[in-house]
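Notes follow once the structure below has been shown.
The values are calculated or read from the model by the stated rules, or taken from the named source; none is laboratory data. Values in this document were obtained by computation on a predicted structure and should not be read as measured data. Reconstructed Cβ throughout: ideal geometry from the backbone, glycine too, with neighbour counts over all protein chains shown.
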Amino acid sequence: MTARVRAPEPVGAGGWVNTGGRELSLAALRGRIVILDFWTFCCVNCLHVLDELRALEAEFPEELVVIGVHSPKFAHEAEHDAVLAAVERYAVEHPVLDDPELTTWRQYAVRAWPTLVVVDPDGYIAGTYSGEGHLHALRTLVSNLVRSHEIRRGDQPYVPPAATPGLLRFPGRTLPLPDGSIAVADTGHHRILLLERDGQTLRQSIGDGTRGLVDGPADVARFSEPSGLCLLPDDVATAVGYRIVVADTVNHVLRGIADDGSVRTLAGTGRQWMQLDPLPDGGPADTPLSSPWDVVWSPAHRAVLIAMAGIHQLWAFDPHAGQVRVVAGTTNEGLVDGPAREAWLAQPSALAVDAAGTVWFADAETSSLRRLRDDHVDTVIGTGLFDFGLRDGDAGEALLQHPLGLSVLPDGSIAIADTYNGAIRHFDPRTHRVRTLASGLREPVDVRLVDEMLLVTESAAHELVRIPVDTEVRVDPTAFRTQRPPTSVRAGALRIGITFTAPDGQKLDDRYGAATHVIISATPPELLVDGGWQGSDLAHTVRIAADIPEGVLHIAARAASCDTDAEFPACHVHQQDWGVPVVVTADGSDQLTLALGGA
């Protein structure tokens, strides 16, 4: 940076979490290094960054203080109780400022989730990083600040919340088994439970309840926030030696559970797939995955389909061949229908397959219900990344809010766990109508038909509940648009620039082609006269249409950097997708600058 900028004091109407009721200030933390993590709990990339920050917090326990600034995208995320639950659910072990009105977001001119701002011991901004993959850069910057400043070491201001008692903790998917028992992903306890038919009595625990990636017998195995579950057909299970497939989300792997409860890793390496990694096309199962959120057996594909939430794709895993391949999505985030490999998805988080072989999936970030059939993706409910709500009626007008669960009912209709609306919704493909079956639930993330009742995973209430399948409630319709301050731009030429500086000791890595890659598109597409662009330049001029009053610019940027002075150099990928709301005005700017990373 050419000029030192004093870091504004973080303030938020929701107050402080994880501080024991105490308010924090940057002034009181002078002499310490502070990282402000602007995040929101719907965002899978933000969850990836939480994992990156844990390593940094462990390495600099006395020199560094991480402060999460929770900046909501969805209406539900602006509720303080929802923030409290998310902080506990995702094991956030640092102070968090609840900023429901985006006050601090605006003060720091943040444009995307996640964004990290490093504040030096003197209270000045030392670096800004958007997206994920910046752990090495952050480590380098923090180390440099430790060497160049007199650090006031001390204890952390973090105060843990009271533990939540009970058998389940933030449970995920359920899976009715042929013998009448019910498997449930006990996500917050990092294990899989087998419950009796009542959904309450414990039959067996698979996993010792400690976060980790360990194969072996049921009492030895370890998971990390497992989510999705599916059952293999009998002939496949007999051939491969396991019956249940688990989406072990935070470990970035699939696991298999045999009839004796033993666990093995089926696909993935434990490392997160990052941009510039090759995408599989029938390759070996030891390809890295990225936050697999749900799994389902697809007879048409003769494979386990994977909702790869972390990179906005659907993958397939062949249990017989031990191979994975991409089925749908490009890794670009958005709502674009078309041929499966060209469609844009947005954090697919739930899967279901009907009798005709159609694959239904919930795209959480676009609050949409979509389907894959005949190698083509189309959208049934939902309009885009920033529109959501609670509205029944024709599917073309209906609204959801970050749905995370789906189930196909015997008549071919779809039950939807409409998570952030706290509701169970119903879509009938024959009538194209949507109605609400139940409301007032605490973050339902799954729904299954069991004994002629809907078994609902009420995750934030830590329990399974049953509701009648033929019920219906009337709801007051609501519609929202993500309330982020739009950027005013003028019609005509708009120069979009991405700033990125390789961390100290690294250089841009162009050994295998261009070290940077940028994709620019828009919603609606007509906002860009030239239809968008992609290439290796970090700056490009597009043309904004004069007859489109507002829209969203989608900019995806990737940069690869590599160590310069190491005997065995490590390479690092930095990546971010921005969705920038814009309004077209006569006095708008002709430039848009976004920071991917740099001190």
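Some points to look at:
- Number of residues in segment 45-77 that are without any contact (Cβ under 8 Å) to a residue 24 or more places away in the chain and over 26 Å from Gly154 (Cβ atoms): the value is 0.
- Identity of the residue in segment 129-168, closer than 17 Å to His572 by Cβ and of a type in the set (S, T, N, Q), that ends up surrounded by the fewest Cβ atoms within 10 Å (Cβ to Cβ): Ser143
- Qualifying residue in segment 452-473 (condition: out of contact with any strand residue (DSSP E or B) (no Cβ under 9 Å at 6 or more places or on another chain) and either free of Cβ contacts under 8 Å to residues at least 12 places away in the same chain or in a loop (DSSP other than H, G, I, E, B) (or both)): yes
- In segment 322-345, the residues that are under 19 Å from Leu289 (Cα atoms) and in a strand (DSSP E or B): Gln323, Val324, Arg325, Val326, Val327, Ala328, Glu333, Trp344, Leu345
- Residue that is nearest to the chain's Cα centre (by Cα) [pool: residues in segment 146-180 that are in a loop (DSSP other than H, G, I, E, B) and of a type in the set (A, V, I, L, M, F, W, C)]: Phe170
- Test for Ala515: is it in contact with a Leu (Cβ under 8 Å, 6 or more places away or on another chain) and more than 20 Å from Arg111 (Cα to Cα): yes
- Residue in segment 138-159 that is of a type in the set (Val, Ile, Thr), in contact with a Leu (Cβ under 7 Å, 6 or more places away or on another chain) and over 30 Å from Glu59 (Cβ atoms) present: no
- Hey, Glu88 at pLDDT 95 or above, outside the structural domain of Ser561 (by TED's automatic domain parsing) and outside any loop (DSSP other than H, G, I, E, B) or not: yes
- Residue in segment 498-511 that is closer than 29 Å to Asp394 by Cβ and not in a loop (DSSP other than H, G, I, E, B) present: no
- Of all residues in segment 346-380, those that are in contact with a helix residue (DSSP H, G or I) (Cβ under 9 Å, 6 or more places away or on another chain), part of a loop (DSSP other than H, G, I, E, B) and among the hydrophobic types (A, V, I, L, M, F, W, C) total 1.
- Which listed residue is touching a Ser or Thr at 6+ places or on another chain (Cβ under 9 Å), closer than 30 Å to Ala163 by Cβ and not in a strand (DSSP E or B), from Arg448, Arg442, Arg430: Arg442
- Selection of first residues in segment 146-167 that are closer than 30 Å to Leu464 by Cβ and of second residues that are surrounded by 10 or more Cβ atoms within 10 Å (Cβ to Cβ), restricted to Cβ pairs under 6 Å at least 6 apart or on distinct chains, gives the following pairs, ordered by first then second residue: Pro161/Glu88; Gly166/His462.
- Summed over segment 49-80, residues that are farther than 20 Å from Ala137 by Cα and in contact with a helix residue (DSSP H, G or I) (Cβ under 8 Å, 6 or more places away or on another chain) total 8.
- Exclusive hit being closer than 24 Å to Ser349 by Cβ and among the acidic types (Asp, Glu), set Glu196, Glu225: Glu225
- Residue in segment 195-205 that is outside any helix (DSSP H, G or I), under 27 Å from the mean Cα position of the chain (by Cα) and either modelled with pLDDT under 95 or of a type in the set (Val, Ile, Thr) (or both) present: no
- Residue tally, condition under 23 Å from the mean Cα position of the chain (by Cα) and not aliphatic (A, V, I, L, M), over segment 427-447: 4
- Any hit, segment 291-300, residues being acidic (Asp, Glu) and either over 25 Å from Pro429 (Cβ atoms) or part of a loop (DSSP other than H, G, I, E, B) (or both): no
- One residue from Ala570, Ala514 being modelled with pLDDT under 85 and either in contact with a helix residue (DSSP H, G or I) (Cβ under 9 Å, 6 or more places away or on another chain) or not hydrophobic (A, V, I, L, M, F, W, C) (or both): Ala570
- Check on Ala285, closer than 25 Å to Gly172 by Cα and modelled with pLDDT of 95 or more: no
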